Amino acid sequence: MTQISPSLVTLGRAIQGSAVEICAIQTSPQERRRLLGLGLRLGSVAHICQGPNAQGVVLQIGSVRIALGRPWLEVIAVRQRPCPAAPTLAEKRV
Amino acid sequence: MQAAKAMPISAGGPGRVIALVGNPNSGKTTLFNALTGAHQQVGNWPGVTVERREGRLRLDSGRELMLVDLPGVYSLLGGGGLDQDIARQYVQSGAADGIVQVVDVGNLQRHLLLTHELLELGGPLLLVLNMMDEARARGQLPDLDALRQHLGGIVVLPIVARRGEGLAELRHALEEDFPRADAHLPPLYPPAIQDILSVLRAGTGDLGPLDRLRTLEGLAAVPPEHEQGFREAREAIVDKTGEDAADALAAARFAWAEETASAALPAVSDALPRDTWTQRLDRWILHPAAGLPIFLLVLYALLVSSFNAGAIFQDFFEDSSKALFVHGLGHVLLAAGLPDWSVQALAGGLGGGVSIVLSFVPPIAFTFLFLAALEDSGYLARAAFTMDRFFRRLGLPGTAMVPMVIGFGCNVPAIMATRTVEDPRARVITALMQPFMSCSARLAVYLAFAAVFFRGYGGQVVFALYLTGILAALVTAWLLRRGPLRGADRPLALELPPYRWPGLRSVVLHAWQRLRVFVLRVGKVIAVLGAVLLLLPGIGWVDGGLRGTDIDHSLLAQGSRALTVVFAPMGIGEEQWPAVAGLVAGAMVKEVVIGVMNGIYQRQESADLMAAYREPAIGAELRAAVLTIPAHGREFLKNLTDPLGFANIGDTAASAAAAGADHATLRGLAAGFTNLSAFAYLLFVLLYLPCASTFAALRRELGSRWAWFSMVYSLALAWLLAGSVYQLGTFDRHPSQSLLWLVMVLTVVLVFWWWWRRPGHIAMAETHILGRGPGS
């Protein structure tokens, strides 16, 4: 199983409205298979639609919206990615 | 678990069997309903509680098919609940002559992951692209030829199941055996992995393709004889890809699905109109602060709509069925010359039982109807997410909230609604909590007692009883989590489908199927028990034989008097045997507690029971029954702000009328009870035995063992708590007796706790929940 490296953050620290790449999922093979069925796997890029908050988080992968309860926030590691829909600072200046 | 067989539910089914497979929310059941209409059978899969739906489909050529609607499944490899295991086993068993996979074309890439697994199996496969109307609206029409080509030439049909669009073409395609993927099917895995899988397949020929993959991915135990083969395959995959087998195979499937979807669909835009609408609504509905009040508002609407709207028709169903099946039948039997006691047994007992079952139909039908509409709209998944953080503390998922609220109306649909709870442990706990929710039947008893004993503060007493019920349900959940249903929680992970207007046909059919199950299965128990319990007041052991007799010498009176000793700790003496008789009858249906007391007090005032059979006024009764509909319709509008009927509590006459209590009953209650013993009695009514219909629902959904557990547990809880309240309230009158009672209660609780925590229970519960079915 992939270990969470110090350079990554847990899903609980992701920022609403941003895009993240799923880098590690520390859970049983059965639960990983459950997430796979929803389209959530290592390397998936997800948009954080709502949260993370006390409820959990709502992600969007492609056109599929997925709700994850709070316990997932600490076992999924992500890397922040620039959101393709949001203009960068440089683009804003232009 | 038993393997899922192709044997249809109905005997003598047609030849070909076609299975409908698809991800949850793909519109599979909508398609099933559209194809089969009312020609459906609902049962359970062998050995488990997962609903099994089959339907006959007559094709244009006159041939018939049996369609099997498999549970929604994301992957045949596992990872879901029991329902997904069922689907996997059925598909792998080869029991179906063909598979139709239903795909939401808006989520084509993800749904193709299941197609990948079905292609791997190699059976006849037909792909149905559903929700084409939404794809058209988005300007994302798929290239069907390109898709067929990438799927090895299998049949691919576009449809809109909700509108019936494309169904004629589908029916035509179902006339013949549809083809398997041909030799032109592009490789399902990259060459390096394909080679490793080929070697593994050669060495593990005795395993099915899906079992082989499950084992390789660590989802199933490796058979000892194949340990070396699987170890070598895993090592080879790590060597070739740098990832473990599960990740590498998943990545390969996602890559295949992405390539296939992109070949068939134009580039996806993020700014989709439907998704924007969904996102806007979700901003409020899933908001951490606003989500809860919105959820409560929706459930309030469900409660009001289901039970108050159901109440509009409830008296019509009850009164008209009583006119026909009780008074009408009794008249016919009497005219045929049958003795009085047998007329009472058949008409009053069996006919009365049928009447009670039918009186349940309107509120339960409305509950199922509105629940089905909520399910179809996409809201229920949101409600589960909103409530998850609160229920998680009890070890339950958010989905457990919906049945609990429905339980305030009636426990039976609440128990059936626990099917929305995915985790099998949590589902058992949620179902076992339901009998403690104060259903509308218990409110009738509360109202009658409030009218006599708690004038001026009846609302507070009734509210306290509701809270006690909720507390008992929460304590039960806590106990089960610390006893036999210990185990890791499954964190919530669910897809939030886009909001959609519910399809009327689909909603009505869904509700109808659930209602039919209730009427036929649960109703049978009520009708038979009704016959027994309604027979008892009319017959007794007199002069060495069983004969028709007056109420004071009936079997009911004799039995109830004998039972009063059990109720002595809560202040009920022999003279209150009608109240005990009410409890005995209430074990069948809680509604009849007051009804039986009415009957007894009226009989004691020597009413002529056979008069209604000798001279029935069936026409007048039916007319009166019809007139209840507009009258209750007006009440419905008036009571929108008071769905539980608390407003009646301050008014004795209104309370008695709402409870259906006669003046004779109120006089009888006032003479026999004190305020304290009345409250203890109400506590007992709240907590004791689930009624017969609830018991039948528990037995059907969870199995006999849990149903009997609920029976014994709730009875013990009611007896100990009601007795303790009375003994504490009268402590100064008989301190030694009360002290002895409290010591006994403490001892029982400690012994129970020791027994409850024994590890053996956990293994037993595991076996029962996961390995045995209801009623087996």
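Couple of notes before you dig in:
- Residue within the range B:130-137 that is more than 31 Å from the chain's Cα centre (by Cα), touching a residue at least 60 places away in the same chain (Cβ under 8 Å), more than 17 Å from B:H184 (Cβ to Cβ) and within 14 Å of chain A (Cβ to nearest Cβ) present: yes
- Test result for B:G348, under 30 Å from B:G619 (Cα atoms) and surrounded by fewer than 21 Cβ atoms within 10 Å (Cβ to Cβ): no
- Count - residues of the range B:489-521 that are more than 14 Å from every other protein chain (Cβ to nearest Cβ) and without any contact (Cβ under 8 Å) to a residue 60 or more places away in the chain: 2
- Taking the criterion of being touching a residue at least 24 places away in the same chain (Cβ under 8 Å) and part of a helix (DSSP H, G or I), the residues of the range B:730-748 that qualify are B:W741, B:V745, B:V748.
- Count of residues meeting criterion [more than 9 Å from every other protein chain (Cβ to nearest Cβ), part of a helix (DSSP H, G or I) and modelled with pLDDT of 80 or more] in the range B:246-276: 13
- Residue count for the range A:53-80, restricted to those that are assigned to a loop (DSSP other than H, G, I, E, B) and facing chain B (nearest Cβ under 7 Å): 5
- Only one of B:Q101, B:Q92 that is surrounded by fewer than 21 Cβ atoms within 10 Å (Cβ to Cβ), more than 14 Å from chain A (Cβ to nearest Cβ) and closer than 30 Å to B:P424 by Cβ: B:Q92
- Taking the range B:558-577 as the range and being free of Cβ contacts under 8 Å to residues at least 60 places away in the same chain and surrounded by fewer than 23 Cβ atoms within 10 Å (Cβ to Cβ) as the test, the residues that pass are B:Q558, B:G559, B:R561, B:A562, B:L563, B:T564, B:V565, B:A568, B:E574.
- Any pair with Cβ under 9 angstrom, 6 or more apart, that starts in the range B:386-415 at a residue that is within 10 Å of chain A (Cβ to nearest Cβ) and ends at one that is surrounded by fewer than 24 Cβ atoms within 10 Å (Cβ to Cβ) and among the acidic types (D, E): B:R392/B:D489; B:P397/B:E422; B:P397/B:D423; B:P397/B:D489
- Test: B:V155 is away from chain A (no Cβ under 14 Å) and in contact with a strand residue (DSSP E or B) (Cβ under 7 Å, 6 or more places away or on another chain): yes
- Helices (runs of 4 or more DSSP H) contained in the range B:79-156 and holding at least 3 residues within 27 Å of B:P491 (Cα to Cα): B:82-93, B:108-121
- Positions within the range B:544-558 being over 16 Å from B:Q344 (Cα atoms), modelled with pLDDT under 75 and not small (G, A, S), in sequence order: B:D552
- Some residue of the range B:608-620 being under 19 Å from B:L563 (Cα atoms) and at pLDDT 75 or above: no
- Index of the failed condition, B:I470 passing every other in (1) within 29 Å of B:V160 (Cβ to Cβ); (2) in a helix (DSSP H, G or I); (3) at pLDDT 80 or above: (1)
- Residues of the range B:218-242 satisfying the condition of being buried (at least 16 other Cβ atoms within 10 Å of the Cβ), under 20 Å from A:I22 (Cβ atoms) and not hydrophobic (A, V, I, L, M, F, W, C): B:G218, B:T241
- Answer from B:D195, B:D239, B:D206, B:D211 - the residue that is more than 10 Å from chain A (Cβ to nearest Cβ), in a loop (DSSP other than H, G, I, E, B) and of a type in the set (D, E): B:D206
The values are calculated or read from the model by the stated rules, or taken from the named source; none is laboratory data. Just so we're clear, the structure is a prediction, and the values are computed from it rather than from any experiment. Reconstructed Cβ throughout: ideal geometry from the backbone, glycine too, with neighbour counts over all protein chains shown.
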